[in-house]
Structures are given as structure tokens and as C-alpha cells.
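Scroll down for the structure; my scribbles are underneath it.
The values are calculated or read from the model by the stated rules, or taken from the named source; none is laboratory data. This structure is a prediction, so every number in the text was calculated from the model and none was measured. Ideal geometry is used to build each Cβ from the backbone, glycine not excepted, and the neighbour counts take in all protein chains shown. Keep in mind that these areas ignore ligands, DNA and RNA; they rest on the heavy atoms of the full protein, side chains included. Shrake-Rupley method; radii C 1.70, N 1.55, O 1.52, S 1.80 Å.
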Amino acid sequence: TTSLDLEMQRAVERIVAEELTALEKRYPGLRRKERPLEAGAVVLEAATGRVLALAGGRDVSRNQFNHATRARRQPGSAFKPFVYLAAADARENPLTPATILLDAPLQVRRDGRTWRPNNHDKRFLGRITARHALEQSRNAPAYHVAERAGMGRVRTLASQAGLGEMPDVPSLALGTGEVTLLDLSAAYAVFPNLGRVRPATVIRSVRRDAEASRGASRANPRPTW
């Protein structure tokens, strides 16, 4: 018995195909006959982690690679809430929405290389609240928050939330680790669940049919399932 909602599943599959087609029409440069655009989609119940719908691509008959469960991509700014959570969960001097952060140019040297994060709008706003920084997805403040929490703590929390092992690099604060869409969707459930982790599941129960069991027993005294 699975947790899939068939009506929702059909809707998600249709939406993925329609939206990818619309995206290719809007941006013709993305259209490729040999390798058309692909996407994944996941709908899950936050309280339980049960997957209600999952689409691994636009057409399984043409491409069997599951982009929802197997494609590992950088989540980018979708990772920032975990950075802020790590700082807010600190025992001493925890981050609050009113904490003032600095949104200003910075450079970080690591292993002989210099990293200079910028913002999507190429602007810096100076002193802003943590709430504003997260709402506007500002990059420099996110790095400062990661430093405040400690990169090790950020990596540990991400692992505990189900995102696996994250790289030990300064840009991790901006989501440069790689995750699957399914794992990221399940990890986000920690917020409405107030910190409780609910791993994504599809199988609710397994029942062996009595008639099939008798047939299997006659054919093979020791079933190997």
C-alpha cells in the first residue's frame, strides 16, 4: 500500500510537462530536440513525510532517469533557512528575527582562493535585520549567519534534517552542497513540524496475499522475499 494520491499524481505529471513546454516556448534557446528540458516534482504530507505525488520527469517513456530522487543539484537559496535555523538554535546568543546583520561586500580566503559573494540585485543594503535578510535572500548576511552558527553546526544540522553530507566550504551558506529534490522536500518539513524529522516514505504497508503465499510455498518452500 502506497501513500500516493492518484488524482494528485496525474495532476503533478501533467503540470510538469505543461510547464516545461511553456518554458521552452518562452525561452526558445532552451529548446533541444535531443535533450529536452527535464524537471522533478514532489508533493508530501509534512506531518508524516508521506509522499502524495512524485514526478521524475516530463515523460517516463522517453527518459527513465528520476530527477526527483536521483538528480543531485545545488539548492541555492533554498538552503538558507537551514543556515538561519542553525544560528537560531544556538544555546548562547541565538539569532532572532530582530538581530542586525551586515549586508556589505566581503571576501573570504580559503586554500589560496578568494571568494566574493554578491547579491542577485548587485546591491548591498548595509545594516538590516535577520528577518529582512532571509526574506530578501541576501547572500552576504547568510555567510555571516553561517559563521555565527559555525560551519560545522550548519553541516551537522543539514545532515540531521536528511540532506546528507555537506561540503566544508564557505559558499555552503549559499547552498552549494548537492541534494535531491525528494530529500530537500522532506527536510523542509522540520519547520512546520517544529524540529521533528519526518523522512519521506512512499510505502505505507506490505501485505502478502494468502493465496499467492500458498502458491509460492508449493513452488518454493523457502520464499526469498
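I'm told LYS122 meets every condition in (1) in contact with a helix residue (DSSP H, G or I) (Cβ under 9 Å, 6 or more places away or on another chain); (2) without any contact (Cβ under 8 Å) to a residue 24 or more places away in the chain; (3) open to solvent by 50 Å² or more (accessible area, probe 1.4 Å) except one. Can you identify the failing condition by its number? The single condition LYS122 does not satisfy is (1).
What's the total number of residues in region 26-35 that are part of a loop (DSSP other than H, G, I, E, B) and at pLDDT 90 or above?
At the first step, the residues of region 26-35 found to be part of a loop (DSSP other than H, G, I, E, B) are 27, 31-35.
Subsequent filtering for residues that are at pLDDT 90 or above retains 27.
Count: 1.
Within region 173-194, none of the residues are at pLDDT below 95 and not hydrophobic (A, V, I, L, M, F, W, C).
For region 158-178, filtering for residues that are surrounded by fewer than 16 Cβ atoms within 10 Å (Cβ to Cβ) and among the hydroxyl-bearing types (Ser, Thr, Tyr) leaves 2.
Would you check if there is a residue in region 118-140 being within 28 Å of VAL202 (Cα to Cα) and of a type in the set (Val, Ile, Thr)?
Pass one, region 118-140, residues within 28 Å of VAL202 (Cα to Cα): none.
The answer is no, given that none of the residues of region 118-140 is within 28 Å of VAL202 (Cα to Cα) and of a type in the set (Val, Ile, Thr).
Give the residue, chosen from ARG14, ARG58, that is charged (D, E, K, R) and open to solvent by 60 Å² or more (accessible area, probe 1.4 Å). Before the answer, list the steps.
Numbers: ARG58 fails: open to solvent by 60 Å² or more (accessible area, probe 1.4 Å).
The conditions single out ARG14.
Pick from region 179-212 the residues that are charged (D, E, K, R) and buried (at least 16 other Cβ atoms within 10 Å of the Cβ): which of them is nearest to PRO117 (Cα to Cα)? By that ranking, first place goes to ASP183.
Quick one: which strands (runs of 3 or more DSSP E) lie wholly within region 78-143 and hold at least 1 residues that are modelled with pLDDT under 95, in contact with a Pro (Cβ under 8 Å, 6 or more places away or on another chain) and farther than 24 Å from LEU184 by Cβ? Spell out the reasoning first.
Working: elements: 100-103, 108-110, 113-115, 126-129.
Counting at least 1 such residues, we get 108-110.
Condition test on ALA22, is it more than 30 Å from PRO192 (Cα to Cα), open to solvent by 30 Å² or more (accessible area, probe 1.4 Å) and assigned to a helix (DSSP H, G or I)?
On the way: more than 30 Å from PRO192 (Cα to Cα): yes; open to solvent by 30 Å² or more (accessible area, probe 1.4 Å): yes; assigned to a helix (DSSP H, G or I): yes.
Answer is yes for this residue.
Scanning region 78-105 for residues that are open to solvent by 30 Å² or more (accessible area, probe 1.4 Å), within 19 Å of ARG123 (Cα to Cα) and among the aliphatic types (A, V, I, L, M) gives ILE100, LEU102.
Looking only at residues in region 1-11 that are of a type in the set (S, T, N, Q) and over 14 Å from GLY40 (Cα atoms), the one that is most open to solvent (accessible area, probe 1.4 Å) is THR1. Restricting to region 61-77, what's the tally of residues that are open to solvent by 50 Å² or more (accessible area, probe 1.4 Å) and closer than 17 Å to LEU184 by Cα? Within region 61-77, residues that are open to solvent by 50 Å² or more (accessible area, probe 1.4 Å) and closer than 17 Å to LEU184 by Cα number 6.
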